[in-house]
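Down below is the structure, laid out as structure tokens.
The values are calculated or read from the model by the stated rules, or taken from the named source; none is laboratory data. Source: prediction; values computed, not measured. Don't worry about glycine lacking a Cβ; one is built from the backbone with ideal geometry, like all the others, and counts go over all protein chains shown.
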Amino acid sequence: MSEKTPGTTPEETKPRRRQARGERRIAQLLQAAANVFCAKGYTAASTNAIAREASVSPGTLYQYFPNKEAIALELGDRLLAEMRAAHGQAFTPANLGLPLPELVDAVLDPLIEFNCQHPVLLALMHGSEIPGRIAEEHDALHASMLAAVGELMAHYLPASEAAQRTRISDMIFAIVKAGLALVLAAPEGPERQAVITELKTVLLRYLGPLLTDRALTTTPSP
């Protein structure tokens with residue numbers, strides 16, 4: 001006699017099992033797609049290559065996704081949702097008032113960790129034929145993060161003009177974007193950590209003279 005979950009019928013448990021198998025298969029296909037997009041870029045990738053990477057037939061892939069664009073959209077949606085969560089960890093009221101080195105750590109570390117764990121996002125964002133919705137959602141996330149940096153600058157430089165804060169925020173973003181590309185290009189381990197340290201050093205040396213509040217730029221005495 002087969003076991004079943006208390007309070008359910010066999011007819012109820014079967015769809016749940018099928019759904020769980022389907023989710024595992026989708027996760028498998030998305031991971032394979034991420035690997036292929038990283039290796040070949042979005043434009044050169046194909047559904048056949050993704051199926052081979054996932055060790056499934058093209059027919060199995062088409063049961064879940066009709067084409068490469070649908071795969072990229074699903075992958076992009078999931079990655080951007082996770083990135084919003086990382087963004088939320090970085091820009092929190094608790095970080096306001098931290099000494100500058102700790103502030104840089106608190107803002108950069110979640111973003112660096114996310115990008116190192118998901119290098120495919122960079123491949124998707126820089127593809128010449130990426131689906132428009134991914135680009136639009138990424139642009140919206142970029143704008144919200146830029147606005148958050150601007151709010152930080154308004155907090156630490158309340159007497160500054162809006163145009164100055166915008167220039168500073170744009171410069172910070174440009175530094176971080178270029179630095180992240182170097183971080184991802186560096187081999188994992190000591191070399192990557194050294195590049196991260198250099199990126200933080202650049203930000204500290206840029207921001208230090210701008211932020212004149214000694215409570216921000218120096219660590220409080222114990």
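Selection over segment 175-200 of residues that are in contact with a helix residue (DSSP H, G or I) (Cβ under 7 Å, 6 or more places away or on another chain), small (Gly, Ala, Ser) and in a helix (DSSP H, G or I) gives a count of 1.
Counting residues in segment 161-174 that are farther than 30 Å from LEU75 by Cβ, outside any helix (DSSP H, G or I) and acidic (Asp, Glu) gives one or more. Are any of the residues in segment 98-106 within 30 Å of SER169 (Cβ to Cβ), within 14 Å of the chain's Cα centre (by Cα) and crowded, with 19+ Cβ neighbours inside 10 Å? Scanning segment 98-106, I find no residue that is within 30 Å of SER169 (Cβ to Cβ), within 14 Å of the chain's Cα centre (by Cα) and crowded, with 19+ Cβ neighbours inside 10 Å, so the answer is no. Being among the β-branched types (Val, Ile, Thr), farther than 21 Å from LEU199 by Cα, within 17 Å of the chain's Cα centre (by Cα) and buried (at least 19 other Cβ atoms within 10 Å of the Cβ) is a condition met by at least one residue of segment 131-153. Within segment 54-89, being in contact (Cβ under 8 Å) with a residue 24 or more places away in the chain and among the hydrophobic types (A, V, I, L, M, F, W, C) holds for ALA54, VAL56, LEU61, PHE65, ILE71, ALA72, LEU73, LEU75, LEU79, LEU80, MET83, ALA86.
With the requirement that a residue be polar (S, T, N, Q) and surrounded by 13 or more Cβ atoms within 10 Å (Cβ to Cβ), what does segment 15-42 give you?
Of everything in segment 15-42, those that are polar (S, T, N, Q) and surrounded by 13 or more Cβ atoms within 10 Å (Cβ to Cβ) turn out to be GLN28, GLN31, ASN35.
Could you tell me which residue of segment 139-175 is nearest to GLN117 (Cα to Cα), considering only residues that are touching a residue at least 60 places away in the same chain (Cβ under 8 Å) and in contact with a Leu (Cβ under 7 Å, 6 or more places away or on another chain)? Looking at residues that are touching a residue at least 60 places away in the same chain (Cβ under 8 Å) and in contact with a Leu (Cβ under 7 Å, 6 or more places away or on another chain), I get LEU141. The residues listed here are LEU124, LEU141, LEU157, LEU203; of these, the one that is modelled with pLDDT of 90 or more and touching a helix residue (DSSP H, G or I) at 6+ places or on another chain (Cβ under 7 Å) is LEU203. Each residue in segment 166-187 was checked for being more than 30 Å from ALA39 (Cβ to Cβ) and buried (at least 19 other Cβ atoms within 10 Å of the Cβ), and 3 pass.
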